[in-house]
Amino acid sequence: MALGTLSLFGQAREVTGTVVGAEDGELLPGVSVAVKGTTIGTITDLNGKYVINVPQNSDVLIFSFVGLLTQEVEIGNNLVLDFSMELDLLEIDEVVVTAMGIRKEKKALGYSVQELDESQISGAKNMDISKSLQGKIAGVNVKQSSGMPGATSHVTIRGNVSLTGSNQPLYVVDGMPIASEKAFMENVGEGTNPSSRVVDLNPEDIESISVLKGATASALYGLRAANGVIVITTKSGSAARAAGKQTLVTVNSSFSSDRISRLPELQSTYAQGNGGVLNLWSSGSWGPRIDTLQNYQSQEDNLFFDDPYETSDGNPPPQVPTVYNNQEDFFQQGYTFTNSVDISSATDKARYSLGMGRTDQKGIIETTGMVRNNAKFNGFFDLSDKWSASVSANVSNVDIDKIPGGSNLANPLFTVYFAPRSYDLTNKPFEREENPYQQYHYRFAMDNPYWALKNNNYNEITNRFFGNASISFQPYDWMRINYRIGLDRFLTTGHEVISLGSGGQGRGYPEFGMEPAAGQIDDYNYQRQELNSNATITFTKDFGDFGLDAVIGNEFYDITTKTHSMTGTNITIGGFDHISNTGAQTIFMELTEQRVVGFFGSATVDYASMLFLTVTGRNDIVSNMPSGNRSYFYPSVSAGFIFTELGFLKDQQVLPFGKIRASYSQMGQAGALYATRTLYTAKEDNEALGSGFLDNDFTFPYQGSPAFTLQSTLLSNDLRPQNITTYEIGADLRFYENRLGIDYSYYYVNATDQIFNVPLAASSGFRGEYRNAGELESKGHEIILSIVPIRTSGGFEWEILTNYSQNQNMVLSLAPGVERVQTGWQNFTSVGAYAYEGQPYPVIFGSGYVRDDNDRIVVDSRSTVAGEPNPFYGMPLQGGDEKILGKVNPDWDASLTNTLRFKGFTLTAMLFYSKGGYISSGLTGLLRNYGAAKECEDRETPVVLPDAAKGYLDPATGDLILEGDNDIEFLKGEDYYSTVLWGIAESKIFDKTLLRLREVVFSYDMPQRWFTNTFISSISVYANGRNLALWTDYPNFDPESSTSEGNGIGAFEYVSLPNTRSFGGGLKITF
Amino acid sequence: MKKYISIFSVLLLMLFTLSCSDEIMDEIDTDPNNPTDVPISMLMSGCTAATPYWVTGTTLAWYSSIFVEHTCGAHGQMRDADRRANINSQLSENSWAFQIYPRLLPDLKIIVEKGSAGGSEEGKWIDVGIAKVLQAYTFLASTDTWGRIPYSEATLGAENRKPAYDTQESIYSAIMNLLDDAISDLQKENISTTGGEDYIYGGDPDAWILAAYSLKARYANRLSNVDPTGSAAIALADAANGFSSSLDDFTFDNWANDLGHENTWFQEENERRHHAISVTFYNILDEVNDPRIPLFITQVNGEYVPAQNGTSEEDQAGTIYSRMSEHVIFATAPLPIMTYAELKLIEAECHLRKAAPDATAALAAYTEGLEAALFQAGVDSSAVEAYFAQPEVLPADAANLTMEMIYKQKYIHLWPYGAVEAYAEWRRTGYPTMTNPFETPRRFPYPQNEISGNAENVPDVTPYNGVWWDDGTED
């Protein structure tokens, strides 16, 4: 009766209760309790208790909690309402973050979105979040450059569709796009590799990552999202709310030890030299057998070419021939420490999180390392019933010490990998006592690696701020206006020193009156600023069985960059690394600005939570397209149909949830900046006088005169944006209480009007013409399969998750008369990464073997040439046609993650398999060239190349003259490896199929009861490992490391640092 | 509340439309790094450095040096070239497709257009003349290197993306006229002086006129196989107006002691170290006890150890073979493009070959040329005397002067910096006899860039076919 009275007088009533888990009966803190149809809500406390005021007209409470089934309960006459929550086994009400930060139920989507939670992101303690995506999201491919601290990784989603533009996704953090790609491109053949700016993010700050794979998913972001979007949400106090505490402090510390994953395999039989003769100044290992050598004097004892066998009194003891392990000695054990604190807080009106983190990494090469400091704040505030606000701010400081890679003369690895086994690189002195800038080294052009580590210096520091503030106004239940403004600004300062006395430029020989000279100091600043403004109005309203969910908005962004660099050459005082200490300086300056203004709208209509239809449209106006041609509109449409909502399929056990989806979208991509007319450019940097041979260009201004040259690319003002059309279909099926789940997608992407530098015959006066031409397609299948083979009532669960991706992309056409276009690294003339008509993109193209009609290698049949013995008799002929040597990207890849959970224990292991794809291994080529490779061990057994023909190329006509099957014996020695194979690019191409145990994480959450009556909420300890095992036929190196830039990454590997193999552990405490 | 919404909307709308007007977007799209136009002076500085750098002093020279056996490839690409393992389209890629055609020749053409009648800097005739001399030299050295090349349709940009290849005969004839034009331009009234941006002659029109005539003589002489007497007469007439002493030499002498601005051969010898002394070259010096040996060539363990082209060992370190000496190869060593000494040797040859041979005049020119060459090499006078005492070097009787003596002295004089010219001269004269067991190419292969981008026009020849002035055919 009392209740009735209350209703009668229109007063609110107070309802209380306790919430427990249905499975184990434990009290559940943090459960959200809301009154249906109102904004009134609360959460349960630590004891699972709640108190809520229910208005007179309301009679239904909604209980919700992550991972549990959201349920509505009628209050009826109860003032005490205890409730037990059931597991949401289907997770069909899962809410995901979609474009523009709009949260949508996953079941409403007509396209594929995949999410990672906190433990999947930071479980294995990858320092770079892009690396933790590998294998965890179907369709995402992550290519790594090297194991150097801060090394770049390159992410593509569903393959490459742009020939020369970026194929990397857009990163959005807390609702605002941020810069993610490397600050600038450096020729990797020369300097050090700048880091991609994803490295600025602290994985520990991240709550979830949502990957919008296709263009439909990312359509609202416009031009820059053509390659998909990685939406990152940082922690914001939800954890505190979930734990039912006002403030939750999480401290996380971890340590890992890093070792080199793989070293080249070396021969150990032959000594330094050439032609079987000991030569202590040779870069080759083509000398005599080490076991036949007598004692000899080392290089240092007679620097100037006296007979190395000659000994005299007063000299140090002669060198005893032996085999050294120079590689193993050089690399050390690296380590990584990470420490982070997160303070999360949640009240009725606000929730926020303040995080701080520090990462210290010491590389596997002594002087390399990285220190990263992060701080971030992310908060949400309800200002009133109608107004709310949020703030997200991130500050980072990343300090990286590294070494140069590639064919840079100062790359220490150039000697480490190839040092003759008879040469004691580790223990010999590397500098002269009387002058430390006078190095000892058996090689002339390259630096002694130990000397290089001591004297050369490569440092890159980035200070960055990014963040945004937003305010929301909700005048009506069905309408919400949001404005968000964001800034991303960073400054990278680099300081690179190639020391006085380095390399061939200035080694100097005091005996010849030559003191150490040369050297170079580079000092650069790169500043980037991105201003983002975003205004949206959203509408949500139900009309009977129909629901409408719409947004209209405007986005504006303006990106400016400023680069200043100084290069000083000819250092006077060794060790004083200041530009004033150099004899000549060149400066470089570059400014850029780009602005895009976009208007967009999207509407989703659903019918009976069964059929969902979304249409979107966006119009972009782009500064860097020609006037009169810079405004573009792109539409998309997608639909989802939950067929298990149909009457005859509803409420059955076999397939409780099934959805099919389909989508179509168009999207554009603009061209490069300032690419609409041919200008003059200063003869500095790329346009300086270079030779293709020498290390240093002839730069201007010179002797007071600047110099300019007409750009060698023909530009015109009729560019259109490249157009990307995407079709996608898919299905999401959950069987037997979600014990088996299959999510399948098929996509087809067609990109026309590619904007690229169409090559021209140089005799036209230009090397290329920047214009629209060409068409690429990319299609593929993605399967996400989840199986729970075992789930016992005792709490044991075994879960298997598989991500399978197969992508086939194809260059359908380039420009009329253009068969191929080079992309990526262009440093090698003999081999390159190309877009080639009718082929996957990219492919490796270069000189092949000379082959007969049966595709057999043809060996040289001439025993003599011009009366002299032919050194190449019986060896493959040089002069084969240039051809396609292999495609770079894998045929398919798959990951298999097994997770075992029991009580507080969790064991997760991920195996990653990648099938196919080729790489040009400069390292293996060089190992052979120098005679250092294991395969060069047997030089004394005559061999006949099998399955080959013999013949020769007629010098006059170039015609191939065949002389039958090969039966010629020869010795595989210096001429074979150093000249013949070295000259044939095809000999260096290898399949990079691999199977890798990529991640293992073992963690233990200590039982709550251990901490009752303490300030501690929970403690978990964990052990983890990365890249623990590798199975591959790829020789000498880690097939996942490569030396390249941009779209050519993965095509080449050239004397870089392999990835590391790590294991470690840590501790996470919350209180 | 409605009021706020409408104010908010109006403000936003203003911001959005103002921020993307065509005018603002055009301004944002204006490249702040690169100008739409530059004056002649800013192009000239690049061209007077680029011509010696790209045509005379880098890749073309290094390969030519190996082919003509001035040096022997002791390492890497040069050893491969010596063993003919890499005589393919990549050999020419840098020179043709990155340097000469897309960069150097367009800039020279713009200078000519800007300074000539109707151009934006009309009346800068000295610059026009200089640019024409550099164009002439670049085109001739290029046709000598490759044979038929695009000339009349070259560097037209969007007007002609696939230029036709002109015959070498027509290029030679056109360039002789171009040099005449240059000479006449250099004599015209000039509106402003040229100075520091000309790294070769500092803007001195008279010096450029001498260079133009001297080049005319060199390239007229090149046609000796096509027209023995006529070419001699023309060469002699032009030589008379050419250099009058070594001080007039057409030389790039503006290297500096800092990275990148050092003599290109010095950089190559310091960093890459591809070249050893060729046994062919050494023997030619050695057979007449040439005083330049100790000046030019280093010793290994107290001995001269030249390398046999085609079969030498790998020796980047220089522990096996003799190398070019620091006397010749140093950071600021001048890079001669054409010298007075060479001009005199051309005269000597033409006096012997002209319709009415004049041995006395030939010997006089030979002696003068040889003296200039020895002086340039730094040979002291007593050594010159001893050298001249040998009749096989300097015959007492003019009648004993042979073509081979002239060729030989030119071959030595062009070592090492005149390799491109020496390679052309070997093909013309057959001197010296190559000792590399592998056949010597008679031209460079066309670059891949042309084969890909201009396939219909690229001549179908092999590097072992002679060019027009070599064997009389264009193929």
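The values are calculated or read from the model by the stated rules, or taken from the named source; none is laboratory data. Not measured: the values here are computed from a predicted model. Don't worry about glycine lacking a Cβ; one is built from the backbone with ideal geometry, like all the others, and counts go over all protein chains shown.
Could you check the stretch A:322-368 and list, in sequence order, the residues that are of a type in the set (Lys, Arg) and over 30 Å from A:Ala469 (Cα atoms)? Before the answer, list the steps.
To start, the set of residues in the stretch A:322-368 that are of a type in the set (Lys, Arg) comprises A:349, A:351, A:358, A:362.
Scanning the stretch A:322-368 gives a single hit, A:Lys362.
Please go through the stretch A:458-473 and pick out each residue that is of a type in the set (D, E, K, R) and modelled with pLDDT of 95 or more. It would help to see each step written out before you state the result.
To start, the set of residues in the stretch A:458-473 that are of a type in the set (D, E, K, R) comprises A:460, A:464.
Residue satisfying the conditions is A:Arg464 alone.
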Q. List, please: which pairs have Cβ atoms under 7 Å, are six or more places apart or on different chains, and start with a residue in the stretch B:317-338 that is on the phi < 0 side of the Ramachandran plot and away from every other protein chain (no Cβ under 14 Å) and end with one that is part of a loop (DSSP other than H, G, I, E, B) and charged (D, E, K, R)?
A. B:Pro334/B:Asp253; B:Pro336/B:Asp249
Q) Within the stretch A:95-174, which strands (runs of 3 or more DSSP E) (wholly inside it) include 1 or more residues that are over 30 Å from A:Val821 (Cα atoms)? A) A:95-97, A:103-105, A:113-117, A:170-173
(Q) Just to be sure before I move on: is A:Gly598 in a strand (DSSP E or B), touching a residue at least 60 places away in the same chain (Cβ under 8 Å) and not polar (S, T, N, Q) in the structure I sent? (A) yes
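Quick test for you: out of B:Ala164, B:Ala154, pick the one residue that is without any contact (Cβ under 8 Å) to a residue 60 or more places away in the chain, of a type in the set (Gly, Ala, Ser), within 14 Å of chain A (Cβ to nearest Cβ) and under 25 Å from A:Ala762 (Cβ atoms). Walk me through how you get there before you give the answer.
Working: B:Ala164 fails: without any contact (Cβ under 8 Å) to a residue 60 or more places away in the chain.
Testing whether each residue is without any contact (Cβ under 8 Å) to a residue 60 or more places away in the chain, of a type in the set (Gly, Ala, Ser), within 14 Å of chain A (Cβ to nearest Cβ) and under 25 Å from A:Ala762 (Cβ atoms) leaves just B:Ala154.
Is it the case, given these coordinates, that A:Thr864 is closer than 30 Å to A:Leu760 by Cα and either in contact with a Phe, Trp or Tyr (Cβ under 7 Å, 6 or more places away or on another chain) or within 14 Å of chain B (Cβ to nearest Cβ) (or both)? Before you say what the answer is, go through the steps one by one.
Values: closer than 30 Å to A:Leu760 by Cα: no; either in contact with a Phe, Trp or Tyr (Cβ under 7 Å, 6 or more places away or on another chain) or within 14 Å of chain B (Cβ to nearest Cβ) (or both): yes.
When the stated conditions are applied, A:Thr864 does not pass them.
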Q: Show the residue pairs that are 6+ apart or on different chains and have beta-carbon atoms under 6 Å apart, the first residue being within the stretch A:544-559 and acidic (Asp, Glu), the second being surrounded by fewer than 21 Cβ atoms within 10 Å (Cβ to Cβ) and not in a loop (DSSP other than H, G, I, E, B).
A: A:Asp545/A:Tyr607; A:Asp549/A:Thr540; A:Asp558/A:Leu531
(Q) Scan the stretch B:222-231 and tell me whether some residue there is buried (at least 21 other Cβ atoms within 10 Å of the Cβ), closer than 30 Å to A:Leu679 by Cα and at pLDDT 95 or above. (A) no
(Q) If A:Ile260 satisfies all but one of (1) within 29 Å of the chain's Cα centre (by Cα); (2) crowded, with 23+ Cβ neighbours inside 10 Å, what's the number of the condition it fails? (A) (2)
Q. Among the residues of the stretch B:64-85, is any without any contact (Cβ under 8 Å) to a residue 24 or more places away in the chain, within 9 Å of chain A (Cβ to nearest Cβ) and assigned to a loop (DSSP other than H, G, I, E, B)?
A. yes
Q: Kindly list the number of the only condition in (1) out of contact with any strand residue (DSSP E or B) (no Cβ under 7 Å at 6 or more places or on another chain); (2) more than 30 Å from A:Val831 (Cβ to Cβ) that fails for A:Arg1026.
A: (1)
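Do we find that A:Gly228 is farther than 30 Å from A:Thr1014 by Cα, under 37 Å from the mean Cα position of the chain (by Cα) and modelled with pLDDT under 85 in this structure? Walk me through how you get there before you give the answer.
Numbers: farther than 30 Å from A:Thr1014 by Cα: yes; under 37 Å from the mean Cα position of the chain (by Cα): yes; modelled with pLDDT under 85: no.
Answer is no for this residue.
What helices (runs of 4 or more DSSP H) completely inside the stretch B:360-475 contain at least 1 residues that are in contact with a Leu (Cβ under 9 Å, 6 or more places away or on another chain) and modelled with pLDDT of 95 or more? Walk me through it before giving the result.
Values: elements: B:381-388, B:403-413, B:419-429, B:448-453, B:468-471.
So the answer is B:381-388, B:403-413, B:419-429, B:468-471.
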Q.
Tell me yes or no: at least one residue of the stretch B:247-266 is in contact with a helix residue (DSSP H, G or I) (Cβ under 9 Å, 6 or more places away or on another chain), within 9 Å of chain A (Cβ to nearest Cβ) and of a type in the set (Val, Ile, Thr).
A. yes
Q: Can you work out which of the residues in the stretch B:301-316 that are on the phi > 0 side of the Ramachandran plot and more than 26 Å from the chain's Cα centre (by Cα) is farthest from the other protein chains (Cβ to nearest Cβ)?
A: B:Gly302
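From the list A:Ser146, A:Ser119, exactly one residue is within 30 Å of A:Gly369 (Cα to Cα) and surrounded by fewer than 20 Cβ atoms within 10 Å (Cβ to Cβ). Which is it?
On the way: A:Ser146 fails: surrounded by fewer than 20 Cβ atoms within 10 Å (Cβ to Cβ).
Step by step, each of A:Ser146, A:Ser119 is checked, and only A:Ser119 is within 30 Å of A:Gly369 (Cα to Cα) and surrounded by fewer than 20 Cβ atoms within 10 Å (Cβ to Cβ).
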Q.
Can you tell me how many residues within the stretch A:37-56 are assigned to a loop (DSSP other than H, G, I, E, B), closer than 15 Å to A:Glu74 by Cα and at pLDDT 80 or above?
A. 1
Q. What are the pairs, 6+ residues apart or on separate chains, where a residue within the stretch B:20-49 that is under 30 Å from B:Gln135 (Cα atoms) and more than 7 Å from chain A (Cβ to nearest Cβ) has its Cβ under 6 Å from a residue that is crowded, with 22+ Cβ neighbours inside 10 Å and β-branched (Val, Ile, Thr)?
A. B:Ile40/B:Ile111; B:Thr48/B:Ile200
Q. Scanning the stretch A:736-766 for residues that are surrounded by fewer than 20 Cβ atoms within 10 Å (Cβ to Cβ), of a type in the set (S, T, N, Q) and out of contact with any Ser or Thr (no Cβ under 7 Å at 6 or more places or on another chain), which turns out modelled with the lowest pLDDT?
A. A:Asn738
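For the stretch A:404-414, indicate whether the set of residues that are within 30 Å of A:Lys349 (Cα to Cα) and either within 26 Å of the chain's Cα centre (by Cα) or touching a residue at least 12 places away in the same chain (Cβ under 8 Å) (or both) is non-empty. Lay out the reasoning, then the answer.
Taking the stretch A:404-414 first, the residues within 30 Å of A:Lys349 (Cα to Cα) are none.
No.
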**Q.** Residue match in the stretch A:548-557 (condition: within 11 Å of another protein chain (Cβ to nearest Cβ) and either touching a Lys or Arg at 6+ places or on another chain (Cβ under 6 Å) or not in a strand (DSSP E or B) (or both))
**A.** no
(Q) Show me the helices (runs of 4 or more DSSP H) found entirely inside the stretch B:250-298 where at least 3 residues are surrounded by fewer than 23 Cβ atoms within 10 Å (Cβ to Cβ). (A) B:279-286, B:293-296
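For A:Gly741, indicate whether it is touching a helix residue (DSSP H, G or I) at 6+ places or on another chain (Cβ under 9 Å) and outside any loop (DSSP other than H, G, I, E, B). Before the answer, list the steps.
On the way: touching a helix residue (DSSP H, G or I) at 6+ places or on another chain (Cβ under 9 Å): no; outside any loop (DSSP other than H, G, I, E, B): yes.
Judged against the criteria, A:Gly741 is not a match.
Of A:Tyr442, A:Tyr450, which residue is more than 35 Å from the chain's Cα centre (by Cα) and not in a strand (DSSP E or B)?
On the way: A:Tyr450 fails: more than 35 Å from the chain's Cα centre (by Cα).
After applying the criteria, what remains is A:Tyr442.
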Q) Out of the residues in the stretch A:805-841 that are small (Gly, Ala, Ser) and modelled with pLDDT of 80 or more, which is farthest from A:Gly983 (Cα to Cα)? A) A:Ser805
Q.
Can you find a residue that is modelled with pLDDT of 95 or more, assigned to a helix (DSSP H, G or I), among the hydrophobic types (A, V, I, L, M, F, W, C) and over 30 Å from A:Met875 (Cβ atoms) anywhere in the stretch B:87-96?
A. yes
**Q.** Pick from the stretch B:455-467, criterion within 19 Å of B:Ile171 (Cα to Cα) and touching a residue at least 24 places away in the same chain (Cβ under 8 Å), ranking: surrounded by the most Cβ atoms within 10 Å (Cβ to Cβ)
**A.** B:Val467
